1. List the aspartates and glutamates whose Cα lies under 20 Å from the Cα of Lys381, skipping any in the same chain that are fewer than 8 positions away.
2. Convert 25 °C to kelvin, take the viscosity as 0.890 mPa s, use the Kirkwood radius over C-alpha pairs of the range 335-389 as Rh, and evaluate the Stokes-Einstein diffusion coefficient in µm²/s, rounded to a whole number.
3. Work out the P(r) tail for the range 66-200: percent of alpha carbon pairs separated by more than 26 Å, whole number.
4. Which one, [x] 31.8; [y] 23.1; [z] 24.5, gives mean projected area of the Cα convex hull in nm² as derived from the coordinates shown?
5. Could you tell me which of rounded, prolate or oblate describes the range 288-442, using a ≥ b ≥ c as the square roots of the eigenvalues of the alpha-carbon gyration tensor, with rounded for a/c under 1.5 and, failing that, prolate when a/b is larger than b/c and oblate otherwise?
6. Carbon and sulfur atoms: what percent of the 1.4 Å accessible area of the range 436-491 do they account for?
7. Under the definition of Cα pairs under 8 Å and six or more residues apart, what whole-number percent is the relative contact order of the chain?
8. Among 326-338, 342-354, 289-301, 494-506, how do they line up from the highest to the lowest mean number of other beta-carbon atoms within 10 Å?
Amino acid sequence: MRPFSSIWRWFTVVAAMLLATGCTPTTKPKTAINWMNPEKDLAGLFEAVQEGHIFPDSKTFPDCVPLASPEEIMAAYNEEKDQPGFVLAIFVQKYFVLPTSPASGFVADTGLSVEDHILQLWPILTRQPDSGSHGSLIPLPHPYIVPGGRFGEIYYWDSYFTMLGLQVSPGGPVMIRNMIENFAYLIDTVGFIPNGNRTYFLTRSQPPFFACMVELLSEIEGDKVYAEFLPQLEKEYAFWMAGRETLSPAKPETLQVALMPDGKVLNRYWDRSEQPRPESYREDVALAQQSERNPKSLYRDLRSACASGWDFSSRWMSDPLSLASIHTTDILPCDLNALMLNLEQTLAKAYRQAGREGDAKIMDRLVADRTEAIHKYLYNKEAGYFADYDFNAQKFTGVPSAAMMFPLYFEVANREEAASTVKAMQEYLLSPGGILTTPNHIGQQWDAPNGWAPLQWIAVQGLYNYGFEDIGDDLANRWVQLNTKVYKHTGKCVEKYNVEDIGLEAGGGEYPLQDGFGWTNGVLLRLIKNKQSGS
């Protein structure tokens with residue numbers, strides 16, 4: 001280990017500069033004057049509404065728009081709540097406007113092709129620049145696409161896969177730039193890209209796809225965009241690597257970083273709060289009451305799984321039959337570290353575009369270190385695929401998942417690793433309608449029998465990267481056929497699909513199946529267009 005190496009001296013200086021300019025996750029920007037943190041600003045009322053089952057979905061109340069200031073609402077609540085005849089539901093109706101579901105009133109014409117259906121949906125899923133007070137919604141300066149259903153705000157990793165479809169849609173490239181500028185704004189404003197533009201997401205990020213977004217924009221506008229967004233790429237990296245300089249054998253983990261025995265550093269998912277999630281308050285509290293675990297530890301692991309985007313999955317659980325066994329923060333994920341490698345490679349390219357060769361060479365060394373660590377710690381030689389590593393238990397988790405394809409997508413795998421991983425994907429995950437998330441049937445939505453659009457895209461492109469064109473074409477065709485069949489039957493593109501029994505809808509998770517749906521639209525449209533163009 002080189003605790004005071006030139007590389008990390010450089011990183012520490014950069015991080016300190018960013019912190020000095022106010023770009024920390026805990027810095028509340030001046031523009032936040034109209035934001036509301038419902039679980040804090042409405043403490044007492046918030047718990048009463050959630051525990052009182054006023055709404056079937058725990059996310060509804062945090063998303064409501066207040067009709068008065070939190071101070072006025074709480075004063076009225078404290079005055080009225082103990083009076084005879086007080087009805088909480090009526091009080092809420094008086095002081096709040098319920099959120100609307102994007103595309104909820106849209107009626108599809110199944111006589112149209114699925115491609116034309118998606119093109120019709122883009123305007124429905126578009127939100128204009130926000131202004132004024134929107135409760136928990138963080139205003140954004142440019143238009144953006146939301147997923148749909150209960151998800152009426154922008155989501156970080158969803159947006160990249162939505163952009164794939166926008167790139168081949170009329171006017172889509174303009175929206176791609178708008179959305180990237182929104183993410184750059186969030187990085188500059190709060191220091192990182194939150195899970196979504198809600199105040200209750202300000203404790204965590206999501207899979208770091210910002211570098212991929214910049215690369216996508218470079219395909220449209222040229223390599224100049226790397227230097228343009230270099231400041232935000234630096235800040236994103238500083239967020240994910242925060243605390244690296246404090247690691248030691250005596251303190252080998254903090255925030256999103258963990259020190260390996262050989263001195264290499266890998267990343268994990270981490271949420272900075274240890275309270276119930278406001279958007280799933282009732283579910284989290286109920287689980288904690290049933291569990292013998294320390295509630296704070298449980299809440300953090302639940303939240304950190306949300307940071308992964310895979311909420312929830314046996315991937316994060318020591319006992320697949322018990323969500324209370326979730327231990328996300330112990331796990332070093334193979335997909336996250338492939339994404340971090342891509343961020344480092346993108347930074348090196350951006351430094352060179354900006355004429356900063358010295359910084360580019362420093363980043364090259366970090367790329368080499370992470371590449372070595374991925375091969376050493378995140379490739380399970382015995383099982384023959386890329387896997388997640390339990391940092392505290394010092395062993396692989398043993399759960400094969402579609403995350404194994406990320407190192408192929410980002411081309412970090414060698415030929416032998418790629419071939420073995422593809423074989424494992426076929427053995428454990430390949431199904432009639434696409435690839436499974438994991439092969440485990442436990443009722444969680446990021447497990448069997450479900451397949452998700454982003455994971456199909458990662459797998460297909462990963463296969464192409466290593467010359468497995470026939471398998472990639474077959475997988476793409478399975479997914480397109482399943483999506484098209486469901487659309488023709490229901491008039492909808494949904495967030496996830498049952499890829500095992502293609503006659504059934506998907507299920508599992510904390511909420512009903514959602515339609516819209518941003519990343520399904522993006523991946524499906526791109527796969528169809530790629531096939532039509534022969535690319």
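1. Asp262, Asp335, Asp369, Glu372, Asp390, Glu411, Glu416, Glu417, Glu427
2. 205 µm²/s
3. Cα-Cα pairs of the range 66-200 separated by over 26 Å account for 38 percent.
4. [z]
5. Because a/c hits 1.5 or more and a/b fails to exceed b/c, the range 288-442 counts as oblate.
6. In the range 436-491, the share of accessible area belonging to carbon and sulfur is 49 percent.
7. 14 percent
8. Result, highest mean first: 326-338, 342-354, 494-506, 289-301.
The values are calculated or read from the model by the stated rules, or taken from the named source; none is laboratory data. Every value quoted in this text rests on a predicted model; they were computed, and no experiment measured them. For neighbour counting, all protein chains shown are included, and Cβ atoms are generated from backbone atoms with ideal geometry for every residue, glycine included. When the accessible area is computed, the model is the full protein with side chains, heavy atoms only, and any ligands, DNA or RNA have been set aside. Shrake-Rupley method; radii C 1.70, N 1.55, O 1.52, S 1.80 Å.
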